[in-house]
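**Q** My questions will all concern the structure given below.
Computed from the coordinates by the stated procedures, all read-outs in this text should not be read as laboratory data. Just so it is clear, the structure is predicted and the values come from calculations on it, not from any experiment. Cβ atoms come from the backbone with ideal geometry, glycine included; neighbour counts cover every protein chain shown.
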Amino acid sequence: MTTSSPIEQAGGATATYVDKRLGSNKFLSRNLAKVFPDHWSFMLGEIALYSFIVVLLTGVFLTLFFKPSMLEVVYDGSYVPLQGVKMSEAYASSLDISFDVRGGLLLRQMHHWGALIFVAAMAVHMFRVFFTGAFRKPREFNWLIGVGLTVLALGAGFSGYSLPDDLLSGTGLQIARGIMQATPVIGTWMAFLLFGGEFPGTSFIPMLYSVHILLIPGLILALVTVHLMLVWVQKHTQFPGPGRTNDNVVGYPLMPVYMAKAGGFFFVVFGIIALIGGLVTINPIWVFGPFTPDQVSAGSQPDWYIGFLDGALRIMPNWETVIFGWTISWNIMIPAMIMPGILFTAIALYPFIESWVTGDKREHNLLDRPRNAPTRTGIGVMSIVFYCLLWVGGANDIIAVAFDLSINAITWFLRVAIFVLPPIAFVVTKRACLGLQRRDREKLLHGFESGRVLRLPHGEFIEVHQPLSPKDLAVITSKTDIVPLPAPERTDADGVRNKLYRIQALRHRLSTFFYGDNVPKPSAAEIEAGQHHAAHDAAIEAPLHDYEDADQIHTFHGGVLHHPGMEETNAQQIADRSHD
Amino acid sequence: MKFLAARRRSPIVASALLIGALAVVGLGYAAVGSVQPAQAAVGTETQVEAGRQLYLEGCSSCHGLEAQGTGNAPTLVGVGAAAVSFQVGTGRMPLAAPGAQAPGNMPTYTDEEVAALAAYIATLAPGPAIPSAEQLDYADADIALGGELFRINCAQCHQAAGQGGALTQGKYAPNLMESTPQHIYEAMLTGPQSMPVFSDAQLTVEDKQAIIAYVRTLQTEASPGGLTLGKFGPVTEGVFLATAAFGALIAAAVWIGIKAR
């Protein structure tokens, strides 16, 4: 082997030098060529990762100037409307970061915007994984890690929101303490333990600071590492397409394609966060003022990712039960503990529930098209609608002012809608998916409608159907038809009672719910038969052989295109017709 | 005349004329400037009569011929000139249509007509007068104190940045970004609609001036962080995130995805 350029020689020498000490060449040659499939939606998780890195970097800067102390000081910084006001050192140092530290406000705003983008990217990444069935075997554990990361991100966000000790922070903490206190039996003690006495106390914010800058980021980093290692080991899923199977990965190698793309995308994400951080105000703490427990502002909201909890609290009727002098606060427990508990448990367990219901234990490396899993897609859309309605609840006062509505009317609308709209969303989505399945079946049987209308010699008008491209064909035929589990027998052939009857019957019902409406893919025989049938009809209705140019139009009988193998393309057909 | 004509070009004439003109303008302005609030507070007989006529034409159908109130509207006996100045001066009255509360609007009456109406209502019974120029002078007020008082007394309805907030059943605390010092003062004095009254015993004149100074700061201060997004806090930030910010990120992802093919 000859090396020609001096750059290659230098590179080779460096690699050899490192390899002799670390033995890294074998590792690198194996891994740098690793192939990843390509799709824009596979980059949503990357947005989360990169925004997390931005948040870490800006966060380190902020720790240099932030003082997590509840010591009371008199503000003497450069923001005039607060000069001489008594406040905690935490709030005063946040003001200093905003007004007196060079570049402080930019980095504070980048940190906050980056955090919002981090959680949003995780959510959208989760939607992608859910709707394409990427969580199925063998990736259930990675789904669980993802759910854990989401919960940690909520904790990271909320603890950060609470640190500056401005009026919004304190209001948020007051609500968090209220939720803690609503825990039956131990609630009051738990709140006293964490806050070191009555609200707000002086011990919680310093504690929260350690949680925010050390504990949660450490856990997130560890889990992100495992998350990515699992993607590496299990390989990335891919969308169906020509040549893509359950057992291969079609894409580009890490080096150089994904190195360049991922590296470039990091800078794009960094740039967008920096741009927004520089141009758009977030959390103007100087407007809200220092927190004191006797003050609250209208329109106090949490950041978007806690908004659904706030909304649930806001629309909950004021239900309480007093048992032997103990108050059970259903008005707080149901919306702020039971609802999110059920929600996150259901999200975490969904892969296991689905595989149990459908009896599907195969490995899946090829992604589902959302339409081919109508019940799953319906459940996903239903959950999103539920979540968005809670969001509306969280913003009810802002919406009331902005759109001239009564806040009471919004609340009552939501109390009904939260039970009515999600099921409607489920049904509409499922029907839409099944409609799309039918459309796919039609396409396989007759090709796709080209929009080109021809008039036959005997006067009939037909629309030309064209054969599917190899890509469309591969995508549509990727659908796997799953038959619902059979109904169990109460007794077997020998008359022995089936002990598992009840559970099997439940599974049968759920499985039918999942797959009962499935529109099966046409078999090869059906495709053939469909074409013969159409040809037959057309031949009876239009005796084309009477026309001298019948051979020019022989492929367009009866409104459908049928010719052996369906390989004639649009261009060829046009060329055929223009011969005469 | 001969005496004047002879001294027309004397060097002191220019100075004398200038001093004379300044004296006329200055004294005239002082007279107009100081008289007007006093007029509004007390009111001449003709002004009261003009106000009564305006009242009978524009207000009496709801508030009653003697301002005694009807089933549709409260009595105006004892509400004082300040209440009239606020309600009519901000266009809240006359009410365009019954609703959850009277919205601020383009004023129907001119300033003189408002003053006349106020003077007439002030004659019915004693009530809070229109604040004087002295009371409205917030130039020396303590903005930081105003901020604290605003957050304690006003922010729970009008929002910390004065952007307004929702109350029950479609009522609301209005946005303060266009409010004039006089109207803010009158609102504190009279407690229009759902707002409580902040008498001088609760908030002294200096306190009121401090609050006005703080609201003026909120109205005029530049935003250090860039676009304000309406100063509504996390809701509008979330909307911006979901649309512009995430839109840009997805567009970048799609762009990079397309480039590879």
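**Q** Residues with amide H under 5 Å of A:Arg452's amide H, sequence separation 5 or more or different chain, H placed in the peptide plane at 1.01 Å from N; which?
**A** A:Val464
**Q** Please list, short to long, the whole-number percent of alpha-carbon pairs of segment A:80-153 in consecutive 5 angstrom bins beginning at zero.
**A** That works out to 4, 13, 16, 14, 10, 9, 9, 8, 7, 6, 3, 1, 0, in percent per bin.
**Q** What FRET efficiency comes out for the pair A:Ser5/A:Leu230, r = Cβ-Cβ distance, R0 = 35 Å, nearest 0.05? Walk me through the intermediate numbers first.
**A** Values: r = 39 Å, r/R0 = 1.11.
Approximately 0.35, to the nearest 0.05.
**Q** Work out, step by step, the length gained on full extension between A:Trp356 and A:Trp326: first 0.36 nm times the residue separation, then minus their alpha carbon distance; give nm to one decimal. Before the final figure, lay out each step's value.
**A** Values: separation 30, 0.36 × 30 = 10.80 nm, distance 4.12 nm.
Residue separation times 0.36 nm, minus the Cα-Cα distance, leaves 6.7 nm.
**Q** In deg cm²/dmol, rounded to 500, what helix-only [θ] at 222 nm does chain A give when every DSSP H run of at least 4 residues adds -39500 (n - 2.57) and the total is split over its residues? Walk me through the numbers before you get to the answer.
**A** Numbers: 23 runs with 335 residues, N = 580.
Rounded to the nearest 500, it is -19000 deg cm²/dmol.
**Q** For chain A, give the magnitude of the charge dipole about the Cα centre (Cβ charges: +1 Lys/Arg, -1 Asp/Glu; no others), in debye to the nearest 20.
**A** Numbers: 42 positive and 47 negative charges, 363 e Å.
Rounded to the nearest 20 debye, it is 1740 debye.
**Q** Right, another one. Please report, in debye to the nearest 20, how large the charge dipole of segment B:131-227 is about its Cα centre when each Lys and Arg carries +1 at its beta carbon and each Asp and Glu carries -1 there.
**A** Numbers: 4 positive and 11 negative charges, 100 e Å.
Roughly 480 debye for segment B:131-227.
**Q** What are the residues whose amide H is under 5 Å from the amide H of A:Ile328, where those residues sit 5 or more places off or on another chain and H is modelled from the backbone?
**A** When sequence neighbours closer than 5 places are left aside, the close amide H contacts are A:Thr321, A:Val322, A:Ile323.
**Q** Hey, in the GNM for chain B with a 10 angstrom Cα cutoff, which one of B:Gly247, B:Gly147, B:Gly64 fluctuates hardest?
**A** Comparing B:Gly247, B:Gly147, B:Gly64 in the GNM, the peak value goes to B:Gly247.
**Q** Further question: Filter the chymotrypsin sites (Phe, Trp or Tyr not before Pro) in segment A:27-78 to those in DSSP coil with at most 16 other Cβ atoms within 10 Å of their Cβ, and list the result. Intermediate results must be reported in sequence, preceding the final value.
**A** On the way: sites: A:Phe27, A:Trp40, A:Phe42, A:Tyr50, A:Phe52, A:Phe61, A:Phe65, A:Phe66, A:Tyr75; in loops: A:Phe65, A:Phe66, A:Tyr75.
Here the chymotrypsin sites (Phe, Trp or Tyr not before Pro) that fit, given the DSSP loop and packing criteria, are A:Phe65.
**Q** Positive end of the dipole of chain A, charges at C-beta (+1 Lys, Arg; -1 Asp, Glu), about the Cα centre: which of A:Gly155, A:Ala402, A:Gly23 has its Cα farthest in that direction?
**A** Farthest towards the positive end: A:Gly23.
**Q** At 0.36 nm per residue, minus the direct Cα-Cα distance, what do A:Val496 and A:Tyr17 gain on full extension? Give it in nm, one decimal, please. If you can, show how the numbers build up before the last one.
**A** Numbers: separation 479, 0.36 × 479 = 172.44 nm, distance 7.38 nm.
Between A:Val496 and A:Tyr17, full extension yields an extra 165.1 nm.
**Q** Expressed as a rounded percentage, what relative contact order does chain A have, with Cα pairs under 8 Å and six or more residues apart? Present the calculation step by step, with values, prior to reporting the outcome.
**A** On the way: 719 pairs, mean separation 86.2, N = 580.
It comes to 15 percent, rounded to a whole number.
**Q** Taking GluC sites (Glu not before Pro) that fall in a DSSP loop and have at most 16 other Cβ atoms within 10 Å as cut points, what is the longest piece of chain B between them?
**A** Values: sites that count: B:Glu66, B:Glu134, B:Glu178, B:Glu221.
Counting only loop sites that pass the neighbour cut-off, the longest clear stretch is B:67-133.
**Q** What shape does chain B take by its C-alpha gyration tensor, where a ≥ b ≥ c are the square roots of the eigenvalues and a/c under 1.5 counts as rounded, a/b above b/c as prolate, and the rest as oblate? All intermediate terms of the calculation are to be shown ahead of the outcome.
**A** Details: a/c = 2.41, a/b = 1.39, b/c = 1.73.
Oblate, since a/c reaches 1.5 and b/c is not below a/b.
**Q** Check which residues have an amide H placed less than 5 Å from B:Leu227's amide H, if you skip close sequence neighbours.
**A** Under 5 Å from the amide H of B:Leu227: A:Val280, A:Thr281.
**Q** If you don't mind, there's one more thing I want to ask. In segment A:156-210, if every C-alpha pair distance is counted and binned at 10 Å from zero, what percent goes to each bin?
**A** Answer for segment A:156-210: a P(r) of 25, 57, 17, 0 percent.
**Q** Tell me, what HN-Hα J-couplings in whole Hz come from the Karplus equation 6.51 cos²θ - 1.76 cosθ + 1.60 at θ = phi - 60° for each residue of segment A:435-445, using x for Gly and Pro?
**A** Karplus-based 3J(HN,Hα) across segment A:435-445 equals x, 5, 4, 4, 4, 4, 5, 4, 4, 5, 6 Hz.
**Q** May I ask you to derive the FRET efficiency for B:Thr180 and B:Ala251 from their Cβ-Cβ distance with R0 = 45 Å, giving the value to the nearest 0.05?
**A** Working: r = 44 Å, r/R0 = 0.99.
The value I calculate is 0.50.
**Q** While we're here: For n ≥ 4 DSSP H runs only, could you compute -39500 (n - 2.57) per run for chain B, divide by its residues and tell me the 222 nm figure to the nearest 500? Please report the intermediate quantities before stating the final value.
**A** On the way: 12 runs with 140 residues, N = 261.
Taking each H run of at least 4 residues, the total per residue is -16500 deg cm²/dmol.
**Q** Shifting gears a bit: With a Förster radius of 30 Å, plug the Cβ-Cβ distance of B:Ala242 and A:Val80 into 1/(1 + (r/R0)^6) and report the FRET value to the nearest 0.05. Can you show the working numbers first?
**A** On the way: r = 35 Å, r/R0 = 1.15.
My answer for the efficiency is 0.30.
**Q** Under the Karplus relation 6.51 cos²θ - 1.76 cosθ + 1.60, θ = phi - 60°, what is the ordered set of whole-Hz ³J(HN,Hα) values for segment B:60-76, x standing for Gly and Pro?
**A** For segment B:60-76, the Karplus-derived couplings read 5, 4, 9, 7, x, 4, 9, 6, 7, x, 9, x, 8, 8, x, 5, 10 Hz, x marking Gly and Pro.
**Q** Pulled fully out, how much extra length does the chain show between A:Met255 and A:Lys471, if you take 0.36 nm times their separation in residues and subtract their Cα-Cα distance? Intermediate values should be presented prior to the final figure.
**A** Values: separation 216, 0.36 × 216 = 77.76 nm, distance 2.67 nm.
The span from A:Met255 to A:Lys471 would gain 75.1 nm if fully extended.
**Q** Given the options B:Gly191, B:Gly58, B:Gly99, state which has the largest fluctuation in a GNM of chain B using a 10 Å cut-off (strictly under) for Cα springs.
**A** So, out of B:Gly191, B:Gly58, B:Gly99, the one fluctuating most is B:Gly99.
**Q** Right, something else. Which of the residue pairs A:Lys20/A:Lys235; A:Lys137/A:Lys521; B:Lys171/B:Lys208; A:Lys34/A:Lys261; A:Lys443/A:Lys471 have a Cα-Cα distance greater than 20 Å in the structure shown?
**A** Numbers: A:Lys20/A:Lys235 30 Å; A:Lys137/A:Lys521 23 Å; B:Lys171/B:Lys208 24 Å; A:Lys34/A:Lys261 14 Å; A:Lys443/A:Lys471 13 Å.
Those over the limit are A:Lys20/A:Lys235; A:Lys137/A:Lys521; B:Lys171/B:Lys208.
**Q** For the protein assembly as shown, just list the percent of Cα-Cα distances falling in each 10 Å bin from zero outward, please.
**A** 2, 9, 15, 17, 15, 14, 11, 8, 5, 3, 1, 0, 0, 0, 0
**Q** Which distance in nm do the two modelled labels at A:Leu215 and B:Glu206 give, with both placed 7 Å along the Cα-to-Cβ direction?
**A** 4.7
**Q** Can you work out the Karplus-derived ³J(HN,Hα) for every residue in segment A:456-462? Use 6.51 cos²θ - 1.76 cosθ + 1.60 with θ = phi - 60°, whole Hz, and x for glycine or proline.
**A** 3J(HN,Hα) across segment A:456-462, in whole Hz: 7, x, 8, x, 6, 9, 9.
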